[in-house]
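Enquirer: Structure provided below as structure tokens; questions to follow.
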Amino acid sequence: MTRYKITLAYDGTNFSGFQIQPKQRTVQGTLERALTKMTKGQHITVFGSGRTDAGVHAYGQVIHFDYPGTLPADSMLRALNSLMPLDIEILSSEIVTDTFHARFSTTGKRYLYKVDRGRFVNPFTRNFTGHYPYPLDIERMRLALPDVCGTHDYTSFAASGGVIKNKVRTIYEATVTEKNDLNQLWLEFYGNGFLYNMVRIMVATLLEIGNGRRDIHDFLRLYEVKDRQQARGTAPASGLYLKKVYYGDGPADLNHTAVMYGKHHQ
């Protein structure tokens with residue numbers, strides 16, 4: 001068996017998330033069906049770096065699987081792409097050792113969230129952004145970014161009902177970028193790990209800070225109360241992208257950087 005590390009991008013609009021589910025169209029299920037065709041009926045299990053929900057997209061999801069025999073990495077790339085639907089693209093393929101694991105070898109992830117600031121829902125971007133038509137003070141959001149970063153207990157920012165008990169995570173970098181040509185706001189988060197719905201809840205909280213409905217430093221209070229109900233909102237899945245998965249090659253890994261936050265304009 002040969003282990004392959006595959007990086008792929010997908011439009012999550014018409015998928016019921018990444019993880020395989022009975023009678024549902026999923027990214028994992030689509031990949032496993034393609035591999036079954038390639039092996040003439042032998043089932044191959046695909047392991048992802050993490051799950052994405054229904055409607056969530058990926059620029060750089062990473063998977064691994066063990067394949068009978070050995071195909072050159074580029075041949076695997078071409079073969080898989082030939083069997084993919086139009087909403088999945090295989091970006092890269094490499095042969096790795098059997099110690100590599102798409103999920104357990106990760107050292108960090110980077111997520112991007114796109115907010116459409118139009119007055120009404122844009123029919124052409126509605127599947128790829130979250131819509132927020134209310135006034136925003138971007139400087140208030142930027143002043144909150146240092147509170148987003150650091151090592152904290154993110155219980156208030158985890159969807160209720162999760163099975164993971166340890167809610168402590170480290171966010172190395174959080175940025176807010178104005179994309180005025182698109183009438184969009186992009187929020188980006190880089191950390192050592194994220195809880196279920198954590199990014200979408202943080203985005204909703206930052207938008208409420210920008211709208212003046214929360215104190216600028218309300219993140220600090222929410223860390224202390226450890227109460228999901230006090231964080232309230234969850235931004236729509238349509239605006240979320242898994243941008244990159246790190247395996248010892250992230251800024252925090254290479255440079256041992258302290259927590260960062262950005263003030264980007266465009």
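The values are calculated or read from the model by the stated rules, or taken from the named source; none is laboratory data. Just so we're clear, the structure is a prediction, and the values are computed from it rather than from any experiment. Here Cβ is always computed from backbone atoms with ideal geometry, including for glycine, and neighbour counts include all displayed protein chains. Heavy atoms of the whole protein, side chains included, go into the accessibility calculation; ligands, DNA and RNA do not. Shrake-Rupley method; radii C 1.70, N 1.55, O 1.52, S 1.80 Å.
Enquirer: Using Cα pairs under 8 angstrom and six or more residues apart, how large is the relative contact order of the chain, in percent?
Expert: Across the chain, relative contact order equals 24 percent.
Enquirer: Further question: List the relative contact order of region 153-260 as a percent without decimals, with contacts defined as Cα pairs under 8 Å and 6+ residues apart.
Expert: Answer for region 153-260 is 32 percent.
Enquirer: Which cross-chain or sequence-distant (5 or more) residues have an amide H under 5 Å from the amide H of ARG25, H modelled 1.01 Å from N in plane?
Expert: The answer is SER16.
Enquirer: Still on this structure: Hey, which lysines would be in cross-link range of LYS109, C-alpha to C-alpha under 29 Å, not counting anything within fewer than 8 residues on its own chain?
Expert: Correct list for LYS109: LYS5, LYS165, LYS167, LYS179, LYS226, LYS243, LYS244, LYS263.
Enquirer: Taking only DSSP H segments of four or more residues, each worth -39500 (n - 2.57), what value at 222 nm results for the chain once the sum is divided by all its residues, to the nearest 500 deg cm²/dmol?
Expert: My calculation for the chain gives -6500 deg cm²/dmol from helical runs alone.
Enquirer: Now for a separate question. In a Gaussian network model over the chain where Cα atoms closer than 10 Å are linked, find which of ALA102, ALA58, ALA79 has the largest mean-square fluctuation.
Expert: ALA79
Enquirer: Residue-wise, which Karplus ³J(HN,Hα) couplings in Hz belong to region 96-101, taking 6.51 cos²θ - 1.76 cosθ + 1.60, θ = phi - 60°, and x for glycine or proline?
Expert: Computed from phi, the couplings for region 96-101 are 10, 6, 6, 8, 6, 9 Hz.
Enquirer: For region 162-230, run through the GluC sites (Glu not before Pro) and keep only the ones in DSSP coil with at most 16 other Cβ atoms within 10 Å of their Cβ.
Expert: Of the GluC sites (Glu not before Pro), not one in the loops of region 162-230 has a Cβ with at most 16 other Cβ atoms within 10 Å.
Enquirer: Cα atoms only, the chain: Rg and Dmax in Å?
Expert: Spelled out, the Cα radius of gyration and Dmax of the chain are 19.3, 59 Å.
Enquirer: Given a 10 angstrom Cα cut-off, can you work out which residue in THR234, THR125, THR177 is the most mobile in a GNM of the chain?
Expert: Largest GNM mean-square fluctuation: THR125.
Enquirer: In whole percent, how big is the carbon plus sulfur part of the accessible area of the chain, probe 1.4 Å, protein atoms only?
Expert: In the chain, the share of accessible area belonging to carbon and sulfur is 52 percent.
Enquirer: Next question, about the same structure. Taking every eigenvalue of the Cα gyration tensor of region 143-233, multiplying by 5 and rooting it, what semi-axes result, largest first, whole Å?
Expert: Semi-axes (√(5λ), whole Å): 22, 15, 12.
Enquirer: When the convex hull of the C-alpha atoms of region 1-143 is computed, what volume per residue in Å³ does it have?
Expert: It comes to 133 Å³ per residue, whole-number rounded.
Enquirer: Here's a follow-up. If you average the sequence gap of Cα pairs under 8 Å that are 6 or more apart and divide by the length of region 71-184, what percent do you get for the contact order?
Expert: It rounds to 20 percent for region 71-184.
Enquirer: Also, quick follow-up: Just to check I understand the Karplus step: with θ = phi - 60° and J = 6.51 cos²θ - 1.76 cosθ + 1.60, what whole-Hz values come out for region 126-132, glycine and proline as x?
Expert: 4, 7, 10, 9, x, 9, 9
Enquirer: Starting at the first residue of region 103-116, write each ³J(HN,Hα) from the Karplus equation 6.51 cos²θ - 1.76 cosθ + 1.60 with θ = phi - 60°, in whole Hz, x for Gly and Pro.
Expert: Once θ is set to phi - 60°, the couplings for region 103-116 become 8, 7, 8, 5, 10, x, 9, 10, 10, 10, 10, 10, 10, 7 Hz.
Enquirer: With every protein chain left in place, what is the accessible area per residue of the chain in square angstrom, probe 1.4 Å?
Expert: So the chain comes to 48 Å² accessible per residue, rounded to a whole number.
Enquirer: Next up: Rounded to the nearest Å, what's the spacing between the alpha carbon centres of region 1-49 and region 106-126? Just the number, please.
Expert: Cα centroid of region 1-49 versus Cα centroid of region 106-126: 24 Å apart.
Enquirer: Would you grab the residues whose amide H sits under 5 Å from the one on THR107? Only those 5+ places off in sequence or on another chain, please, with H modelled 1.01 Å from N.
Expert: TYR246, TYR247, GLY248
Enquirer: Which order do peptides 35-48, 103-116 fall in by mean Cβ count within 10 Å, highest first?
Expert: Going by the mean number of other Cβ atoms within 10 Å, highest first, we get 103-116, 35-48.
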